[in-house]
1. For the chain, set up a Gaussian network in which alpha carbons nearer than 10 Å are linked by springs, and say which option among Ser71, Ser219, Ser199 fluctuates the most.
2. Give me the percent relative contact order of the chain, please, defined on Cα pairs under 8 angstrom at least 6 residues apart.
3. Which one of Val134, Val287, Val198 has the biggest mean-square fluctuation once the chain is modelled by GNM with Cα springs under 10 Å?
4. On full extension of the chain, what length is gained from Ile63 through Leu278, given 0.36 nm per residue of separation minus the C-alpha to C-alpha distance?
5. Could you tell me the center-to-center distance, by alpha carbons, between the stretch 12-65 and the stretch 241-280 in angstrom?
6. Per DSSP H run of at least 4 residues, take -39500 (n - 2.57); add these up for the chain, divide by its residues and hand me the 222 nm value, nearest 500 deg cm²/dmol.
7. Taking the convex hull of the alpha carbon atoms in the chain, what volume per residue do you get, in Å³?
8. According to a simple spin-label model (label point 7 Å from Cα along Cα-to-Cβ), what is the distance in nm between Ile232 and Val209?
Amino acid sequence: MNQRKDHLDTLAVGLLVGCCFLWGLNQVAVKLAIPEVPALVQAAVRSIAAALLVLLWSRSRGIPLFERDGSLPGGLAAGLLFAAEFACIFIGLQYTSASRMVVFIYLSPFVVALGMPFIAHGERLSALQIGGLVGAFAGVAWAFAGGFSEPVVGPQQLLGDALGVLGALLWGATTLTIRGTRLNVASAEKTLFYQLAVSGVALAAAAFVSGERWPIDLSPTAWSSLLFQAVIVSFASYLIWFWLIRHYPATRLASFSLLTPVFGLLLGALLLGEPITLRLVVALVAVAAGIYIVNRRPKVVASGADPGDQ
């Protein structure tokens with residue numbers, strides 16, 4: 001399928017649900033490995049390993065990755081944004097819980113919703129949609145305020161939460177970069193390779209400068225976490241995600257991805273025994289409501305119901 005679609009069909013919805021489950025579980029995997037594998041080292045390892053997998057995959061399928069097509073500037077920008085995003089997430093997970101991190105990261109759909117009108121014409125927000133954004137940010141702000149007075153994870157929880165918000169801004173900026181540059185017509189494999197290769201080098205350099213050491217002996221749990229992050233998340237699920245960005249509306253994709261915090265909250269509580277506070281639940285509900293309102297576009301309902309609205 002090479003054409004762009006203006007709605008999310010059954011295939012897109014099914015792929016998104018699977019990706020969101022994996023991304024929710026990824027926060028738990030990162031948290032489990034951090035005691036043995038430092039944050040920046042962990043992020044670098046998974047990016048480099050996944051980049052090699054994309055290279056092997058592309059060669060086996062005859063997909064060119066190094067031909068000149070004008071995508072280099074966008075690819076470098078997206079790769080650096082990608083590296084900064086995951087540096088924020090991995091470092092932030094040292095100070096806040098996986099459950100809290102996954103909620104703050106998924107402010108990124110708002111960045112996409114606000115930025116897409118400048119890239120794709122006809123996606124301007126209505127007054128109702130702006131109201132949805134304000135309501136969602138109010139809910140998140142209420143949850144964020146809890147870090148000042150009643151931290152439930154540790155004394156530096158607020159720092160971890162702030163890095164999660166910054167990671168969300170960077171993720172949204174990455175999506176907008178892909179849609180607004182020549183990466184928009186590049187293959188999903190090439191788009192992903194740019195981000196993994198550039199971020200792998202950048203994160204490895206940051207780990208070296210910060211003095212983080214590469215671990216020698218790892219437990220089975222840490223190895224399992226790294227393999228899951230590199231093969232399942234960074235290679236397979238991101239390849240699907242960039243394929244979806246190329247063929248479906250970015251705003252709808254970004255907003256639909258809000259399923260991830262739901263999975264993240266449940267998995268963080270189930271596997272790590274992390275607390276689910278009232279503030280966190282209210283923030284999640286508020287963000288979900290805001291995304292739903294932003295995604296309601298009455299003027300585009302001509303050809304039937306959109307699976308993404310159900």
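Where a number appears in this text, it was derived from the coordinates with a stated rule and is not lab data. Worth saying up front: this structure is predicted, and the values here are computed from it rather than measured. Note that we place each Cβ from the backbone using ideal geometry, even for glycine, and neighbour counts take in every protein chain shown.
1. It is Ser219.
2. Relative CO of the chain lands at 42 percent.
3. Maximum fluctuation in the GNM of the chain, among the listed residues, is at Val134.
4. On the way: separation 215, 0.36 × 215 = 77.40 nm, distance 4.83 nm.
That works out to 72.6 nm of additional length.
5. Here the two parts' Cα centres lie 16 Å apart.
6. Working: 13 runs with 211 residues, N = 310.
Per the formula, -22500 deg cm²/dmol.
7. Numbers: hull volume 40.4 nm³, N = 310.
Per-residue hull volume (Cα only) is 130 Å³.
8. Taking the two extended label points, one gets 3.3 nm.
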